[in-house]
1. Going residue by residue through the range 442-453, is there one that turns out to be surrounded by fewer than 17 Cβ atoms within 10 Å (Cβ to Cβ), over 20 Å from the mean Cα position of the chain (by Cα) and in a strand (DSSP E or B)?
2. Report yes if residue 220 is among the hydrophobic types (A, V, I, L, M, F, W, C) and either in contact with a Pro (Cβ under 8 Å, 6 or more places away or on another chain) or over 19 Å from residue 110 (Cα atoms) (or both), otherwise no.
3. For the range 114-130, give me the residue count where each residue is under 21 Å from residue 643 (Cβ atoms) and either of a type in the set (Phe, Trp, Tyr) or outside any helix (DSSP H, G or I) (or both).
4. Would you check if there is a residue in the range 597-614 being in a strand (DSSP E or B) and among the aliphatic types (A, V, I, L, M)?
5. Go through (1) under 20 Å from residue 81 (Cα atoms); (2) at pLDDT 95 or above; (3) part of a loop (DSSP other than H, G, I, E, B) one by one and return the number of the condition residue 350 breaks.
6. Step by step: first the residues of the range 167-216, then only those that are modelled with pLDDT of 90 or more, surrounded by 15 or more Cβ atoms within 10 Å (Cβ to Cβ) and among the charged types (D, E, K, R), then the one that is farthest from residue 231 (Cα to Cα). Which residue is that?
7. Only one residue in 261, 296, 305 is within 20 Å of residue 122 (Cα to Cα) and either touching a residue at least 12 places away in the same chain (Cβ under 8 Å) or outside any helix (DSSP H, G or I) (or both), so which one is that?
8. What are the residues in the range 206-226 that are touching a residue at least 12 places away in the same chain (Cβ under 8 Å) and within 46 Å of the chain's Cα centre (by Cα), if any?
Amino acid sequence: MPIADVNKLRNVALLSHSGAGKTSLGEALLFQTKTITRMGRVDDGNTVSDYEPEEAKRTSSVQTSLLPCNWEGCKINLLDTPGYDDFAGEVVSALRVADAAVIVVAAPSGVELGAEKGWTRCEDAGLPRIFFVNKMDRENADFGRTLAQIQELFGRKCIPFQIPIGSEQSFTGVVDVLNLPADIPAEVADEVASAREQLVEAVAETDDELINKFLEGAEISDAELRAAAKKAVVSGEVVPVLAGSALANVGSSELLDAIVSFLPSPEEAGDVTTSDGSPVEPDADEPLAAFVFKTSADPFVGKLSFFRVYRGTFRSNSEVWNAEREQLERVGQVYFPCGKTQENAPEVGPGDIAAIGKLSATLTGDTLCQRENPTSFEPAEMPVGYYTMAVSPKTKADLDKMSTALARFVEEDPSLKLVRESSTNEILLAGLGDTHLEVAVERVKRKFGAELMLSLPKVAYKETITTTARTEYKHKKQTGGHGQYGHVLLRLEPLDRTEGFQFGTEVVGGSVPREYFPAVEKGVVKTLSEGVVAGYPVVDMKVVLYDGSFHDVDSSGISFEIAAGHAIRKGVHDANPQLLEPVVDLKVLVPDAVTGDVMGDMNGRRGRISGMTPQGGGMTLIEAEVPQAEVLRYATDLRSLTQGRGSYTQEFSHYEGVPMNIAQRVIDNAKKVREAERV
């Protein structure tokens, strides 16, 4: 297959809210371009895009799929992204290599959260876009109502380029407002005339010469209007609104025409620069520069790295230099993926998207180039997930596979984070929500045969004391021969928070020989690490050995270690012990309309609100300190409170005392766990 002409390429991301019909639209476009001979259905689990079992099970996308097709001499690389917010990392990585986007809106339900977030991401990335109002053949479908909502939310620059013919079950097609047909149905003639006037005015306002013609009442030719419309769409000054039905395959060819006519090629898409600000031109003869935007883990193929070539030519059976890892990579066969199928590609030119398997060191966000011409691109800024669950193997056999499999998936999805929490001895997996983690665990089982379980992570409580106490213990044991004897008197003193543990001695007169001091300290440290009240480590305390006694024959290091342990257990109970809990700094960005609800919920979580700052755009930032135990499921709770429009960040702040009523519940639960472990 020859290298695609960079001017005949279109890299387009499909964005929408979950259920708006984005995957069905991709299927219709593949069918319309004769890439496939039969349209699959999401409900049947047989679409080209949703080929993973997890997608068929949920009837929704969980990863970005590449769907290349050809139309009117152009190659269109469609990037079908997930609509559910748990998989926002896939959307971000797709937009990193797209030159434009089609935002799909379901006519019956109107603009939903996924469309709003898609718009915002396109605005931030400076990508031109098209709206496609889908499901025009469904009950309650109303193009006029949906258009009004789009214009209210995103501005009057969203202009109808088509008017639908009929509605609901009678929907039969669309009228192109820019290229008016000779026979316009009478029932939509007035709408078409009004839309044509609106379109001409909007496009003319973006061009000095055309606006003068428009104001003077002079005739603007269709050729002038099309050329100006292309510039206006590419610059983002005009956003076309189209209509159709993906399942009925109505409006597909018109959408393909719009993608080819109005959306930019890689050469028209704007300046591309490396991480040091150097411009990159899409020239096939220049040194190679390709960006890896997605990695897929597979137990049979190994890693499959999806990349876009920005400069030069990427050839099969060659060598490339990974600029980030500073490592040479051996390239085997390069592919053009289409869903799960692959077509061999001897070479890939600038602007095109392809994939390569079995790169040893390359990860998502890396740049592949020539060693003698090193180049690096800025990686996409991936969303950070704070929804954390503890991961454990179901059986001992799964334990050996777990670490390797999870590490592979974190490479595949940078929005997943894997950490080992030393204080609770748990492996924690953090993501964007419960579904995000559930899908990751399902894929680990299917691809690597490791069955894992998710559970709420343990809260890393600690114990401390609040008053000074004196304690004594004499360990005396006689067995035939040498016995055991150790006698210690300890003073326990509370320290300020974060001062940790201190050990001191005030022994005078040799009542406890100096050689036993380390044993006493060892017994104290061991007991404090195991906890006294609820089994959590005891911190912020000073222990002073001030007296004791010994036996010339029976005393030993182990005797004093045992005595110190018993003394500490007794002393902590006498020193008014307190349970400590971790507190996090929470920053929550929410719509103004639900600020009161979010603050009320935060108060119910024992949170202390420290500030509220208007952020513009109808959003408010709430800052608070909240016990970690109260926000273990905050990602899903906040989504429910704000209909998915809220977001938050959190980081550890400090430890503070747990209220008595809650502390007793924690202590009781800890005792039950210890008793169960003994059984």
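The values are calculated or read from the model by the stated rules, or taken from the named source; none is laboratory data. Here the structure is a predicted model, which is why all the values come from computation and not from measurement. Note: ideal-geometry Cβ built from the backbone for every residue, glycine included; neighbour counts use all protein chains shown.
1. yes
2. Spelling it out, residue 220 is indeed among the hydrophobic types (A, V, I, L, M, F, W, C) and either in contact with a Pro (Cβ under 8 Å, 6 or more places away or on another chain) or over 19 Å from residue 110 (Cα atoms) (or both).
3. Summing the residues that are under 21 Å from residue 643 (Cβ atoms) and either of a type in the set (Phe, Trp, Tyr) or outside any helix (DSSP H, G or I) (or both) in the range 114-130 gives 1.
4. At the first step, the residues of the range 597-614 found to be in a strand (DSSP E or B) are 608-614.
After this cut, where a residue has to be among the aliphatic types (A, V, I, L, M) as well, the list is 609, 612.
Yes, the range 597-614 contains a residue that is in a strand (DSSP E or B) and among the aliphatic types (A, V, I, L, M).
5. Only one criterion is unmet by residue 350, namely (1).
6. 191
7. Details: 296 fails: within 20 Å of residue 122 (Cα to Cα); 305 fails: within 20 Å of residue 122 (Cα to Cα).
Going through 261, 296, 305 in turn, the sole match is 261.
8. Answer for the range 206-226, where residues must be touching a residue at least 12 places away in the same chain (Cβ under 8 Å) and within 46 Å of the chain's Cα centre (by Cα): 206, 207, 210, 222, 224, 225, 226.
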